[in-house]
């Protein structure tokens, strides 16, 4: 199965509400990253949290990391219609026989924010 | 002032043909990548180059051949295209393998 799995697969909320997305993974990691993908576009990096960090903020984004549970969450506060996109977590790890390390993506959460 | 660019944006071709996708980054990054995103949005790494050296080569058919003429360019050539190759292909770059990656706009490949 995949390294990163997001939950829920789809989330529909009203503007102004908070959106929380979760990500679970299986192997030890060096860092975990969140990306956003608007429909028909490339991925855009949002935030990176290292394995020795527990929480990180960037504007309306808050990311937490629990390495004991191998999980992370992304919180978007006061959501806007422009936040409508797919959100992916990605883990950077040397596990799995890749000595150089690679970024492994989950399948994403589709967030829809209704105006 | 585009950071990572890819050409073409759309590619429609028939089975058996050979095609190439080009990627260029002007960020001065050392590492470049090719990813494949399938119809379910699952993004999987295919190749990674660091300073023109191939460092990641996932289980990809040898019909796919990456080429990096210099640090700023990473092209993808695909021989004998198959229906299953239809997907969106993304190029990306990063300063270091552990750091955030910058993605191109993608190339939507449709094989008929």
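The values are calculated or read from the model by the stated rules, or taken from the named source; none is laboratory data. Everything numeric here is computed off the predicted structure, so don't read it as measured data. Because the Cβ atoms are built from the backbone with ideal geometry, glycine has one as well, and the counts that use them run over all protein chains shown.
Observations on the structure shown:
- The set of residues from region A:9-27 being surrounded by fewer than 20 Cβ atoms within 10 Å (Cβ to Cβ) and either within 14 Å of chain B (Cβ to nearest Cβ) or farther than 19 Å from residue A:61 by Cα (or both) comprises A:9, A:10, A:26, A:27.
- Boolean, residue A:30 is at pLDDT 95 or above, over 13 Å from the mean Cα position of the chain (by Cα) and within 11 Å of chain B (Cβ to nearest Cβ): no
- Residues (without any contact (Cβ under 8 Å) to a residue 40 or more places away in the chain, outside any helix (DSSP H, G or I), more than 11 Å from chain A (Cβ to nearest Cβ) and at negative phi) located in region B:50-85: B:59, B:60, B:61, B:62, B:63, B:64, B:65, B:66, B:67, B:68, B:69, B:70
- Every test in (1) under 10 Å from the mean Cα position of the chain (by Cα); (2) more than 30 Å from residue B:8 (Cβ to Cβ) is passed by residue A:18 save one, and that test is (1).
- When residues of region B:1-22 are limited to those that are assigned to a loop (DSSP other than H, G, I, E, B) and within 16 Å of the chain's Cα centre (by Cα), the one nearest to residue B:82 (Cα to Cα): B:18
- Residue count for region B:19-45, restricted to those that are touching a strand residue (DSSP E or B) at 6+ places or on another chain (Cβ under 7 Å) and either buried (at least 19 other Cβ atoms within 10 Å of the Cβ) or closer than 15 Å to residue B:7 by Cα (or both): 17.
- Condition broken by residue A:62, with the remaining ones in (1) touching a residue at least 60 places away in the same chain (Cβ under 8 Å); (2) over 29 Å from residue B:59 (Cα atoms); (3) out of contact with any helix residue (DSSP H, G or I) (no Cβ under 7 Å at 6 or more places or on another chain) satisfied: (1)
- Check on residue A:67, more than 14 Å from chain B (Cβ to nearest Cβ), surrounded by fewer than 17 Cβ atoms within 10 Å (Cβ to Cβ) and in contact with a strand residue (DSSP E or B) (Cβ under 7 Å, 6 or more places away or on another chain): no
- Search result, residues across region B:95-112 that are more than 12 Å from residue A:43 (Cα to Cα) and modelled with pLDDT under 95: B:95, B:96, B:97, B:98, B:99
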